[in-house]
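See below for the structure under consideration.
The values are calculated or read from the model by the stated rules, or taken from the named source; none is laboratory data. Remember, predicted model here, so these are calculated numbers, not experimental data. Here Cβ is always computed from backbone atoms with ideal geometry, including for glycine, and neighbour counts include all displayed protein chains. Just so you know, the surface numbers come from the protein's heavy atoms only, side chains and all, with ligands and any DNA or RNA stripped out. Shrake-Rupley method; radii C 1.70, N 1.55, O 1.52, S 1.80 Å.
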Amino acid sequence: MTWALIATKHLELRKRRGLVITAALLTTGIVVLVLGLRLIFHLTDPASNGPAGSPDIFSSLSNMLAEFGFLVAAAVGAAAGTTDLTDGVFRGLVITGRSRLALYLARIPAGLAVILPVIAVAFTVLCLVTSYAGTPQPTSVSVNSVPIPANFDQAGLQGWIRQHPQQAAAAFLPGPAGPAGPTPSSSPAPSGAAASQPINVLYAEYTDDEIAGSNPAVNEMVKIGLWIELEVAVGFLAGLGLGSLTGQRTLTVIVLIGLEIIVTPILAAHVIPYFIDGQRLVVGVALDQLRPAALEAPGLSGGGGPGGPGRVLFGGRGALDIPLMPTWAMISVIVGWIVGWSVIGAWRMMTRDA
């Protein structure tokens, strides 16, 4: 595999202008459109329209980039895996004596060099608007409409609960659909019903609301950006391997779209007895578990909370109602998909009849 070969494959993909333009419109185009309209609305009527950037918009567009990025990358990978066959030049490449393995491996950096910068530009625009045209960082956290000072650690929150028992009881007592379970029948002093719950549970609820109402810090934005790029890279490699295996671009794209928007949501949202380990083998489940804590996963009816169970686009992906897998297992699934599809694609390239 030489640099010239990689550059040639990169040029072949870039010359597919329809594919590149579609990829840009479905990622960068949507982000620019949404944020641009919000900027215009805010400038024309700031009293009725808030700032262009907000934590909710940041989370929604980041989740959109991850979803659309996976699908667009799969389409680019499918094109990279089948371009020689559809153009009728595969036999000519083989006759030249070039290594088939090199021909396949050259497509990986060439394709990633097409799709990753597009996603990076879209996410950079989102981060800039969120940082410079967004809501100012709040000084308090609203927990069930009760303001609590921001930036508490666990000990600080425990001290505030002791000093403000009535506010703490109103903040942490669950309502009709609250997350903390049924209302306790007895309330030990001095913090009322809030003291009957473990401080780590209360702190988790506090930090969830704090993250949901605050713009992510720079280091958290970097983590989210890397997570999105990982989703995109996995989608590309899966599309490349499956495209090389089937030799058909359309079939490959249809299969991966079905995996992303139908199979993954079902397996992530429903526990199938005796098949939980099989459900965890789906890469979308592992990638959702890897979701950065500062990225809110909005629910179908209000939000599932940042960094944890929550439904995102396409009707439910990321619900994660199944038990979470160990970290080593999650990493193994992601690495397995990357290596597995690369090996399958390379094997098919080396054994295909010219």
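Residue count for the stretch 1-20 satisfying the condition of being among the aromatic types (Phe, Trp, Tyr) and either closer than 29 Å to Pro136 by Cβ or open to solvent by less than 60 Å² (accessible area, probe 1.4 Å) (or both): 0. For the stretch 327-343, a residue qualifies if it is loosely packed, with under 15 Cβ neighbours inside 10 Å and of a type in the set (Val, Ile, Thr), and the qualifying residues are Thr327, Ile331, Val335, Val339, Val343.
Residue-by-condition table, conditions (1) farther than 27 Å from Arg16 by Cβ; (2) part of a helix (DSSP H, G or I); (3) in contact with a strand residue (DSSP E or B) (Cβ under 6 Å, 6 or more places away or on another chain):
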| site | (1), (2), (3) |
| --- | --- |
| Pro51 | yes, no, yes |
| Asp56 | yes, yes, no |
| Leu61 | no, yes, no |
| Ala66 | no, yes, no |
| Leu71 | no, yes, no |
| Asp84 | no, yes, no |
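Cβ separations smaller than 6 Å between residues 6+ apart or across chains give the following pairs from the stretch 72-98 residues that are closer than 22 Å to Val343 by Cα and surrounded by 14 or more Cβ atoms within 10 Å (Cβ to Cβ) to residues that are modelled with pLDDT of 75 or more and of a type in the set (Ser, Thr, Tyr): Ala78/Thr252; Gly81/Ser244.
Answer yes or no: is there a residue in the stretch 36-44 that is open to solvent by less than 40 Å² (accessible area, probe 1.4 Å), of a type outside the set (Phe, Trp, Tyr) and farther than 28 Å from Val282 by Cβ. Yes: the stretch 36-44 contains one or more residues that are open to solvent by less than 40 Å² (accessible area, probe 1.4 Å), of a type outside the set (Phe, Trp, Tyr) and farther than 28 Å from Val282 by Cβ. Evaluated against (1) under 17 Å from the mean Cα position of the chain (by Cα); (2) outside any helix (DSSP H, G or I); (3) surrounded by fewer than 17 Cβ atoms within 10 Å (Cβ to Cβ), Pro273 falls short on exactly one condition, (1).
Being modelled with pLDDT of 85 or more, more than 17 Å from Val72 (Cβ to Cβ) and crowded, with 19+ Cβ neighbours inside 10 Å is a property that Ile224 has.
Restricting Ile257, Ile266 to those that are open to solvent by 40 Å² or more (accessible area, probe 1.4 Å), at pLDDT 85 or above and of a type in the set (Val, Ile, Thr) reduces the list to Ile257. In the set (1) assigned to a helix (DSSP H, G or I); (2) of a type outside the set (Ser, Thr, Tyr); (3) exposed (fewer than 13 other Cβ atoms within 10 Å of the Cβ), the condition left unmet by Ala102 is number (3). Is it true that Ala23 is at pLDDT 90 or above and open to solvent by less than 50 Å² (accessible area, probe 1.4 Å)? Taking the combined requirement at face value, the residue satisfies it. Here the stretch 120-143 is the region considered, the condition is being at pLDDT 90 or above and touching a Ser or Thr at 6+ places or on another chain (Cβ under 6 Å), and the residue that is least open to solvent (accessible area, probe 1.4 Å) is Ala122.
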